[in-house]
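Participant: Could you have a look at this structure, given as structure tokens, before my questions?
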Amino acid sequence: MDRIFTLTLSPSLDSATLTAQLYPEGKLRCSAPVFEPGGGGINVARAIIHLGGKATAIFPAGGATGEHLVSLLADEQVAMETVDAHDWTRQNLHVHVESTHEQYRFVMPGATLSEDEFRQLEEKVLAIETGALLVISGSLPPGVKTERLTQLIRAAQQNGIRCIVDSSGEALSAALALGNIELVKPNQKELSALVNRDLSQPDDVRSAAEELVKSGKARRVVVSLGPQGALAVDESGSVHVVPPPMKSQSTVGAGDSMVGAMTLKLAQGASLREMTQYGVAAGSAATINHGTRLCSLDDTQKIFTYLTNA
């Protein structure tokens with residue numbers, strides 16, 4: 001199986017709490033916070049570990065929050081390659097309101113990343129072995145321009161590293177412009193922006209995804225369709241996977257769980273169908289959990305079995 005690495009430029013220490021009601025100005029009594037690692041690539045690596053695989057997370061860590069983040073990942077037995085950062089790792093807050101079952105996600109800006117800190121991360125990336133998979137996921141922090149990210153992706157590709165990009169907007173568009181991206185997972189709105197046209201019909205979505213593959217921008221495109229699952233396209237064809245009906249408790253972590261599961265299957269050489277089914281299963285498994293929890297192996301396997309037998 002191919003080795004898997006993830007790169008997170010804006011990691012976070014996530015805290016989650018419960019409060020009975022939400023109202024202005026008064027003191028809101030909350031439950032004791034639960035702390036978890038956060039950041040796109042970090043969560044992808046965690047999901048892979050939860051599913052029985054192995055992955056190494058590359059990221060900057062600064063201050064007491066960075067130390068806490070590293071400690072939490074060590075507890076989950078996630079392999080790490082870290083760079084000491086001057087700025088403290090950001091801390092996000094997730095609040096669940098018991099009276100309304102609403103969730104509020106307070107996301108702070110990423111810690112500023114200096115040029116020297118980025119260079120150290122780049123060195124770690126370029127030391128990855130040829131043929132390995134690298135998942136680049138999450139937002140860009142202050143101090144890092146899109147051009148700097150694309151330079152890193154290009155250098156990684158020249159070293160034979162297979163890059164998966166889970167991002168949006170300008171960063172995703174710029175990465176695809178390089179070509180030969182191993183896998184991207186836009187939602188319907190993001191795909192519409194990439195091809196610069198409305199995608200109101202299912203065939204429109206398929207055609208747009210096929211366009212990205214045929215043009216050489218991406219080897220695989222998996223379009224996230226929410227409750228309708230995902231539509232996946234590669235050079236061999238397409239597949240649409242619809243998850244079983246289930247009550248969603250939280251969508252936090254679903255996307256990272258899906259990317260982690262698909263990356264794991266790619267590393268194992270799975271087909272497009274199996275990769276997508278496993279990805280949808282893991283994403284769905286994450287939604288049945290409260291708070292910020294990712295997929296579990298048991299739930300993912302049950303849903304995957306359902307999908308393969310459907």
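Derivation of every value follows stated rules applied to the coordinates shown; laboratory data play no part. Because the structure is predicted, anything quoted here is derived from the model rather than measured. Note that each Cβ is placed from the backbone with ideal geometry, even for glycine, and that neighbours are counted across all protein chains shown.
Participant: Amide H to amide H under 5 Å from Cys163: which residues, 5+ apart in sequence or cross-chain, H placed 1.01 Å off N in plane?
Facilitator: Amide H neighbours of Cys163: Leu134, Glu182.
Participant: Next question. Which value, in debye to the nearest 20, describes the size of the charge dipole of region 132-206 about its Cα centre when Lys and Arg Cβ atoms bear +1, Asp and Glu Cβ atoms bear -1, and nothing else is charged? Mind dumping the intermediate values first?
Facilitator: Details: 8 positive and 8 negative charges, 46 e Å.
Charge dipole of region 132-206: 220 debye, to the nearest 20.
Participant: Further question on the same structure: Compute the separation of the alpha-carbon centres of region 1-52 and region 136-197 and state it in Å as a whole number.
Facilitator: Their Cα centres are 23 Å away from one another.
Participant: Please report, in whole Å³, the volume per residue of the convex hull around the C-alpha atoms of region 21-87.
Facilitator: Convex hull of Cα atoms, per residue: 135 Å³.
Participant: Continuing with the same structure: Quick one: which residues, 5+ away or cross-chain, put their amide H under 5 Å from the amide H of Ala57? H built at 1.01 Å from N.
Facilitator: Thr6, Ala79, Met80, Glu81
Participant: Once a ≥ b ≥ c are taken as the square roots of the eigenvalues of the Cα gyration tensor of region 59-207, is the result rounded (a/c under 1.5), prolate (a/b larger than b/c) or oblate (a/b not larger than b/c)? Show your work: numbers first, answer last.
Facilitator: Details: a/c = 1.90, a/b = 1.11, b/c = 1.72.
Here region 59-207 falls in the oblate category.
Participant: Mean separation of Cα pairs under 8 Å and 6+ residues apart, divided by the residue count of region 1-102: what relative contact order is that in percent? Working shown, then result.
Facilitator: Numbers: 204 pairs, mean separation 38.4, N = 102.
Rounded, it is 38 percent for region 1-102.
Participant: Using the Karplus curve 6.51 cos²θ - 1.76 cosθ + 1.60 with θ = phi - 60°, what ³J(HN,Hα) values do you get for each residue of region 122-134, in whole Hz, with x for Gly and Pro?
Facilitator: 4, 4, 5, 5, 6, 8, 5, 5, 4, x, 6, 9, 10
Participant: Right, another one. What does the helix-only formula give at 222 nm for the chain: each DSSP H stretch with n ≥ 4 adding -39500 (n - 2.57), the total divided by the residues, and the result rounded to the nearest 500 deg cm²/dmol? Before the final figure, lay out each step's value.
Facilitator: Details: 10 runs with 123 residues, N = 310.
The per-residue figure over the chain is -12500 deg cm²/dmol.
Participant: Hey, another quick one. Would you list Phe59, Phe304 from fewest to most Cβ contacts within 10 Å?
Facilitator: Details: Phe59 29, Phe304 20.
The most exposed by this proxy come first: Phe304, Phe59.
Participant: While we're looking at this one, here's another question. Taking just the alpha-carbon atoms of region 159-299, what radius of gyration and Dmax come out, in angstrom?
Facilitator: Rg, Dmax (Cα atoms, Å): 14.4, 44.
Participant: Any chance you could list P(r) for region 173-255, counting all Cα-Cα pairs in 5 angstrom bins from zero, rounded to whole %?
Facilitator: With 5 Å bins starting at 0, P(r) equals 3, 15, 27, 24, 16, 10, 4, 1.
Participant: Also, quick follow-up: Tell me, what HN-Hα J-couplings in whole Hz come from the Karplus equation 6.51 cos²θ - 1.76 cosθ + 1.60 at θ = phi - 60° for each residue of region 224-229, using x for Gly and Pro?
Facilitator: 6, 10, x, x, 8, x
Participant: Taking 8 Å as the Cα distance limit and 6 or more residues as the minimum spacing, I'd like the relative contact order of region 153-259 as a percentage. Let's see the in-between values first.
Facilitator: Details: 147 pairs, mean separation 21.7, N = 107.
That works out to 20 percent.
Participant: Within the set of other residues whose C-beta is less than 15 Å from the C-beta of Glu211, count the net charge using Lys and Arg as +1 and Asp and Glu as -1.
Facilitator: Values: positive: Arg197, Arg206, Lys214, Lys217, Arg219, Arg220; negative: Glu190, Asp198, Asp203, Asp204, Glu210, Asp234, Glu235.
Here the charged neighbours net out to -1.
Participant: Measure up Lys214/Lys302; Lys124/Lys189; Lys185/Lys214 against 24 Å on the Cα-Cα distance and list the ones that go over.
Facilitator: Lys214/Lys302; Lys124/Lys189, as the Cα separations exceed 24 Å there.
Participant: Please compute the contact order of the chain in relative form: average sequence separation of alpha-carbon pairs under 8 Å and at least six residues apart, divided by the residue count, as a percent.
Facilitator: Details: 685 pairs, mean separation 50.8, N = 310.
RCO, the chain: 16 percent.
Participant: Taking every pair of distinct Cα atoms and averaging 1/r, then inverting, what Kirkwood hydrodynamic radius in Å comes out for region 215-289?
Facilitator: Values: mean 1/r = 0.0807 Å⁻¹.
The Cα-based Kirkwood calculation yields 12.4 Å.
Participant: Less than 16 Å apart at the alpha-carbon level, and either on another chain or at least 8 residues along: which aspartates and glutamates does that give for Lys217?
Facilitator: Once the sequence-local aspartates and glutamates are set aside, what remains near Lys217 is Asp166, Glu170, Glu182, Glu190, Asp234, Glu235.
Participant: Something else now. Please check the chain for the longest run free of GluC sites (Glu not before Pro) that are loop-located per DSSP (anything but H, G, I, E, B) and have at most 16 other Cβ atoms within 10 Å.
Facilitator: 130-234
Participant: Taking just the alpha-carbon atoms of the chain, what radius of gyration and Dmax come out, in angstrom?
Facilitator: Cα only, the chain: 18.9, 58 Å (Rg, Dmax).
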